[in-house]
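Everything on this sheet refers to the single structure shown next.
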Amino acid sequence: MYKRKTQQFVQSSLESQAAVVLLGPRQVGKTTLALDIASERPSVYLDLEREADRQILTEPDLYLDEQAGKLVILDEVQQMPDLFRTLRGQIDQRRRAGFRTGQFLLLGSASNILLHQTAESLAGRVRYVEMPPCSLTRWGPIS
């Protein structure tokens, strides 16, 4: 995988913020970036497009309480919009327990709905990072 500037920004954001929302169109590398970050720290990954992973979160507080101290990565988070209220409580509870930063990495498409949902529920607890498509810069003359 090519190291991208976005990865450095996400990692530094996780060091200063409880949650990071990584937005971008499909197939730009959000999941690949998240899994690379996950390989460097205790973490769990759920893909909310998978029914089995959505089932894990039928009682989200029970599952997320067990994951305290780990980075919880929720891919395609727009699939479960009701989850944002739970995340707010989880972030506040974890802060009181001493886990102030790097709690959640939420991945989703850059939709107005997702921005609106997180803005209302997670105000002051989240940083947004947009992941643009890859671009290659060509150096030198084209022959």
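The values are calculated or read from the model by the stated rules, or taken from the named source; none is laboratory data. All values reported here derive from a predicted model rather than from experimental measurement. Cβ coordinates were reconstructed from backbone atoms using ideal geometry, including for glycine residues, and neighbour counts include every protein chain displayed. Heads up: the accessible areas ignore ligands, DNA and RNA and are worked out on the full protein's heavy atoms, side chains in. Shrake-Rupley method; radii C 1.70, N 1.55, O 1.52, S 1.80 Å.
Conditions tested, residue by residue: (1) of a type outside the set (D, E, K, R); (2) outside any loop (DSSP other than H, G, I, E, B); (3) modelled with pLDDT of 70 or more.
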| residue | (1), (2), (3) |
| --- | --- |
| L106 | yes, yes, yes |
| L115 | yes, yes, no |
| A119 | yes, yes, no |
| Y128 | yes, yes, yes |
| S135 | yes, no, no |
| I142 | yes, no, no |
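Find the residue count for segment 13-43, including only residues that are assigned to a strand (DSSP E or B) and either more than 11 Å from the chain's Cα centre (by Cα) or among the β-branched types (V, I, T) (or both).
3
Filtering segment 44-88 down to residues that are aromatic (F, W, Y) and part of a helix (DSSP H, G or I), which residue is least open to solvent (accessible area, probe 1.4 Å)?
Going through the qualifying residues, I end up with F84.
Can you report the number of residues in segment 12-26 which are in contact (Cβ under 8 Å) with a residue 12 or more places away in the chain and open to solvent by 40 Å² or more (accessible area, probe 1.4 Å)?
Matching residues across segment 12-26 total 4.
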